[in-house]
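Shown next, in structure tokens, is the structure this report addresses.
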Amino acid sequence: MRIVVSCALSLLFGHHHDDAFELPPPRDALAVTARIVVGAADWTFESVPGWAKLPEGKVYGPTHGGVAIAKSGEIYTTTDGAEGIAVFAPDGKLARTIAKDYSGCHSLLVREESGEEFLYAAHLAGHQVVKLRLDGALVWKLGCPMESKAYAKPEDFQPTAVAVAPDGRLFVADGYATSLIHVFDAERKWVKSFAGDGTGDGKVKTCHGLAIDVRAGTPLLLVCDRENRRLVHFDLDGKFVATLATGLRRPCSVAFAGDHVAVAELEGRVTLLDGKNKEVAHLGDNPDETQRANFGVPPASWKEGVFTAPHGLAFDRDGALYVQDWNQSGRLSKLRRVREPATPR
């Protein structure tokens, strides 16, 4: 099968551009000035230069988290800066910032419940999981599961991801401490913990991202087993099912589009897998190994169509892909789908 090599937008936070395609040179010569069209067949994309339009001088600080999209089409992206979560309109204009008390969220998802949408986030900075309304108001927070006997103190809990099963059960990855995945019932009572540090079947090393995978019909928990460089499936009772993909570049998170899944790989690439979990495309592959998984790559060194450290990503209903790099300056990219898109879930 032919591998499709595609590229993504490089975007410097803090500059405003009106023309998404042919832009005048910015004052500091750092912003992107031209689109890139690459790829082939069903996985052709074009970059959208200058898509995220922020007020002049506005800076959000580091991006180290996730991207989620509401039914309205608004794009939510986390930051480690004072603004908390930034919300962009579909045209790329900043709509508002929310949840300033929850800066430092490491993952983000939108879930509809009884006709209302909510944000779920692993709030790494607060050693907790939070559920928020779309305006950033707190619904509840869930701290360290001390009853699991895995922690000496609540601050040892380092949550990196949260996923919600169809029945309301919560799965929380403690990726930066124990590599355990904790299960809570719909009332947020701790039920069990599974996985834990290791390399064999049923074990993980840095369970970084989580998602409920319904592509095969029966919901399964997809785990980004980052330091084992693989994706694995568990059933919703915590039993190991299978390894989906290996040899990845430190997978951080996933996003679904129909039966395909995009994988944000910290080492400078996004990989697309088909319904059989075979690689069909690579996006934004960074040839400079010194920039891969490098938090400190400055804007002056960013290149159009090349990622440095993909961390969070999401598809919108039109098949466009939004990618957040782990970067000290704050970096977000948009790729517009050129051909007829699959329907995202």
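The values are calculated or read from the model by the stated rules, or taken from the named source; none is laboratory data. Predicted model only: the values in this text are computed from it and were never measured. Note that each Cβ is placed from the backbone with ideal geometry, even for glycine, and that neighbours are counted across all protein chains shown.
Whether any residue in region 268-275 is buried (at least 23 other Cβ atoms within 10 Å of the Cβ) and within 21 Å of Gly198 (Cβ to Cβ) is what I want to check. No, because not a single residue in region 268-275 is buried (at least 23 other Cβ atoms within 10 Å of the Cβ) and within 21 Å of Gly198 (Cβ to Cβ). Candidates Asp28, Asp101: the one that is at pLDDT below 95, among the acidic types (Asp, Glu) and either surrounded by fewer than 18 Cβ atoms within 10 Å (Cβ to Cβ) or over 18 Å from Asp325 (Cα atoms) (or both) is Asp28. The set of residues from region 65-87 being surrounded by 24 or more Cβ atoms within 10 Å (Cβ to Cβ) and of a type outside the set (A, V, I, L, M) comprises Gly65, Gly66, Tyr76, Thr77, Thr78, Thr79. Number of residues in region 201-222 that are among the β-branched types (Val, Ile, Thr) and touching a Ser or Thr at 6+ places or on another chain (Cβ under 8 Å): the value is 2.
Scanning region 317-340 for residues that are in contact (Cβ under 8 Å) with a residue 40 or more places away in the chain and surrounded by fewer than 21 Cβ atoms within 10 Å (Cβ to Cβ), which turns out nearest to Val297 (Cα to Cα)? Filtering region 317-340 for residues that are in contact (Cβ under 8 Å) with a residue 40 or more places away in the chain and surrounded by fewer than 21 Cβ atoms within 10 Å (Cβ to Cβ), the one nearest to Val297 (Cα to Cα) comes out as Gln328. Within region 287-302, being modelled with pLDDT under 95 and crowded, with 17+ Cβ neighbours inside 10 Å holds for Pro299, Trp302.
Here are Arg317, Arg250: which of them is among the basic types (Lys, Arg) and under 17 Å from Thr44 (Cα atoms)? Show your work before the answer.
Details: Arg250 fails: under 17 Å from Thr44 (Cα atoms).
Among Arg317, Arg250, only Arg317 is among the basic types (Lys, Arg) and under 17 Å from Thr44 (Cα atoms).
Taken across region 123-131, residues that are β-branched (Val, Ile, Thr), surrounded by 14 or more Cβ atoms within 10 Å (Cβ to Cβ) and either touching a Lys or Arg at 6+ places or on another chain (Cβ under 6 Å) or more than 15 Å from Val172 (Cβ to Cβ) (or both) do occur, with at least one present. Selection of first residues in region 279-295 that are on the phi > 0 side of the Ramachandran plot and in contact (Cβ under 8 Å) with a residue 40 or more places away in the chain and of second residues that are surrounded by 20 or more Cβ atoms within 10 Å (Cβ to Cβ) and not in a loop (DSSP other than H, G, I, E, B), restricted to Cβ pairs under 7 Å at least 6 apart or on distinct chains, gives the following pairs, ordered by first then second residue: Gly284/Arg269; Gly284/Val270. Against the criterion of being of a type in the set (Val, Ile, Thr), out of contact with any helix residue (DSSP H, G or I) (no Cβ under 9 Å at 6 or more places or on another chain) and assigned to a loop (DSSP other than H, G, I, E, B), Val306 qualifies. Considering Lys141, Lys149, Lys100, the condition of being more than 19 Å from the chain's Cα centre (by Cα), within 23 Å of Leu54 (Cα to Cα) and of a type in the set (D, E, K, R) is satisfied by Lys100 alone.
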